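The values are calculated or read from the model by the stated rules, or taken from the named source; none is laboratory data. The structure displayed is predicted, hence computed values, not measured ones. Here the Cβ is made from the backbone with ideal geometry for all residues, glycine too, and neighbour counts use every protein chain on show.
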Amino acid sequence: MTATTPAGGQPAVRPQPSGAAAATGLGGAVLLVGTRIGLWLGVQLGLAGLLVLAGVTATGGQALDRVAGWWMVYGALVDLGTLGVIAWLLGRDGSAYRRLLGPPTTAWQVTLGAGGVLAASVPAVVFSAELTSAIYGDATAPMLAVVDVPPLASIFSVLVVPLLAELAEPVAYLGVVLPRLEARLGRPWLAATIVVLVWAAEHALFPLLVSGGRLDLEFAAYRVGSVLPYLATWTALYYALGRRLLPIMAARWVFNGGTALALALGLVE
Amino acid sequence: MHRAILYRLTYLAAAMSLGHHLDHLIRHNAVGWPLTDQVNAFTMSLVVYPVIATGLLAYRAGRVGPGFWALVSGGGAVFVSAVHFGPAAVEPPELILGHYQPPILGWLAFGWLVSFVAVLAITSVYETRQWAEQRQTRRAARPATGAETAR
C-alpha cells in the first residue's frame, strides 16, 4: 500500500495500484485468469465425464445439464484454486493479502461504501432484468432455474460459497489483474475495459448448458451481456472509492448471498 | 487532479443527460413543456442544465465543493431511477424499448439510460468520498492550527 498517513492519523488518499510493482507482473495475471477459466471448464467437464463413465447419464449433453445444477456449489473449487494462486503470487512477491484490498478502510466506511455500491448497482439490476425478460420472457433465468441441490449443499452454497467468492473473485480481477495491466499498459481506462470484458467473458463458462445437443451459446452470450453492467459498475466504483475493495466485496456478498438464500428457500420460481 | 476528475465527470453526466433528452425527442413520448403544453417529469428534468451551469460557476469561484456535486448527482440518480425504474415509474423501460425500429436502437437508447444513471450514481459515490476526505483533512488541520495560535 502506498497511502501515506499524515498528522491526525487519517490515511491520505493517493493510493497507487496495489500490485503495480509485483515481481510476477502480467504473467501472474494471466496465470490467475487462466486458472479460473481452466477450473470452471475442468470441473464441469470432469464431473460430466464421471457421470457418463458411471452410466448415470447416457450422453455428455445430459451429463453437463445435470452437473449444471450444482454450479453454485462447485464454484467453491474455482475460488479455492484462485485463492491458492493468489497466495502463491503473494509469496513470490513478498506481499500480503491485505495489501490487495486497498487503503485502510474503517467499518463505517465499508458499510457506507457497500450501501453506495448496492445503490449504484440498481441500473445494472434493471438492465439485466430487462435482458432476461426479452430473451426468456417470464421464465426464471436459466442459471438460477437449473440449480437443483439437496438441503445440505444449499446451506453450503448460502454460507460458504458467497464468502469464498468475495475473497477470491473481485480480489483476483481488481486487486491482482487490474493493477498489473495498468502498470503494463499505462492507461487505466484501457486496463479497466480489458478487465471488465475478460471478467464478463468468464461468466459464459458457468454453468455450461446444452441446447439441441450442442452447447447453448445463446445462453452463454446472455450470461456475458447480463453481468457486463454489474462488472463495469463495480470496476468504476473501485476507482471512485479510492481503490478500496472491501465495500465492493461486502456489497457483492449481500447480493450473491441473497440470491443463493432466495434459491435455497425456494423464493425464485 | 481531483478537480479535473470532478469537471470531467460533470461534463460526462451533462452530455449523457443531453443524449437522454434527445432520445425523448426522437421517441416523442413522455415529453412535456416546451414541446407540449403539459408540465411533467420531462419539464422538471430540464432544471438540471441551469443547476449544472450555476454549480460550475460557483465551484470555480470556490463557493461550493464536492458535497454540492454529490447531492446534485445523487439527486439526479434518484430522480431518473424513480421516473424510469421505480415501482411507480411514469416512463418504464418498455416505453423506450418498444418505440424504436429496428429494436436494437431501443436497446441502445435503454443502454444509454442505464449508463447515464450508473454514471450519476458512481459520480455521487466519488464526490461523497471527496467530501468526506475534505472534512477529515479540515478536522485534522484544525487542532494543529489551534496549537500554533496558542504558542
Tell me, which helices (runs of 4 or more DSSP H) wholly within the stretch A:33-123 include 2 or more residues that are within 14 Å of chain B (Cβ to nearest Cβ) and buried (at least 20 other Cβ atoms within 10 Å of the Cβ)?
-> A:107-120
Check B:113, B:108, B:120, B:95 and return the single one that is touching a Gly at 6+ places or on another chain (Cβ under 6 Å) and either facing chain A (nearest Cβ under 9 Å) or part of a helix (DSSP H, G or I) (or both).
-> B:120
Do we have residue B:90 as in contact (Cβ under 8 Å) with a residue 60 or more places away in the chain and more than 14 Å from every other protein chain (Cβ to nearest Cβ) here?
-> yes
Run residue B:67 past the list (1) within 13 Å of chain A (Cβ to nearest Cβ); (2) not in a loop (DSSP other than H, G, I, E, B); (3) not aromatic (Phe, Trp, Tyr) and report the number of the one that doesn't hold.
-> (1)
Flagged pairs (Cβ under 8 angstrom, 6 or more apart or on separate chains; first in the stretch A:90-104, without any contact (Cβ under 8 Å) to a residue 60 or more places away in the chain; second in a helix (DSSP H, G or I)) are A:90/A:97; A:90/A:100; A:96/A:90
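Identify, from the list A:73, A:43, A:67, A:110, the residue that is touching a residue at least 40 places away in the same chain (Cβ under 8 Å) and more than 30 Å from residue A:236 (Cα to Cα). Show your work before the answer.
Values: A:73 fails: more than 30 Å from residue A:236 (Cα to Cα); A:43 fails: touching a residue at least 40 places away in the same chain (Cβ under 8 Å); A:110 fails: more than 30 Å from residue A:236 (Cα to Cα).
That would be A:67, the only listed residue that is touching a residue at least 40 places away in the same chain (Cβ under 8 Å) and more than 30 Å from residue A:236 (Cα to Cα).
Which one of these is farther than 18 Å from residue B:114 by Cβ and either in contact with a Phe, Trp or Tyr (Cβ under 7 Å, 6 or more places away or on another chain) or not acidic (Asp, Glu) (or both): B:39, B:90, B:83? Steps first, answer last, please.
Values: B:90 fails: farther than 18 Å from residue B:114 by Cβ; B:83 fails: farther than 18 Å from residue B:114 by Cβ.
B:39 is the lone residue from the list that is farther than 18 Å from residue B:114 by Cβ and either in contact with a Phe, Trp or Tyr (Cβ under 7 Å, 6 or more places away or on another chain) or not acidic (Asp, Glu) (or both).
Quick one: how many residues across the stretch B:1-56 are assigned to a loop (DSSP other than H, G, I, E, B) and at pLDDT 95 or above? Step through it out loud before you land on a result.
Step one: of the stretch B:1-56, the residues assigned to a loop (DSSP other than H, G, I, E, B) are B:1, B:28-40, B:46-47.
Right, trim to at pLDDT 95 or above and you get B:46-47.
So the answer is 2.
Hey, among the residues in the stretch A:196-243 that are of a type in the set (Lys, Arg) and either over 19 Å from residue A:42 (Cβ atoms) or in contact with a Lys or Arg (Cβ under 6 Å, 6 or more places away or on another chain) (or both), which one's farthest from the other protein chains (Cβ to nearest Cβ)?
Taking the stretch A:196-243 and keeping what is of a type in the set (Lys, Arg), we get A:214, A:223, A:243.
If we keep only those that are either over 19 Å from residue A:42 (Cβ atoms) or in contact with a Lys or Arg (Cβ under 6 Å, 6 or more places away or on another chain) (or both) as well, we get A:214, A:243.
On the way: A:214: 25, A:243: 11 Å.
Applying the filter and picking the extreme gives A:214.
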In the stretch B:130-145, how many are facing chain A (nearest Cβ under 8 Å) and in contact with a Gly (Cβ under 6 Å, 6 or more places away or on another chain)?
-> 1
Residue count for the stretch A:247-259, restricted to those that are among the hydrophobic types (A, V, I, L, M, F, W, C) and surrounded by 21 or more Cβ atoms within 10 Å (Cβ to Cβ) = 3
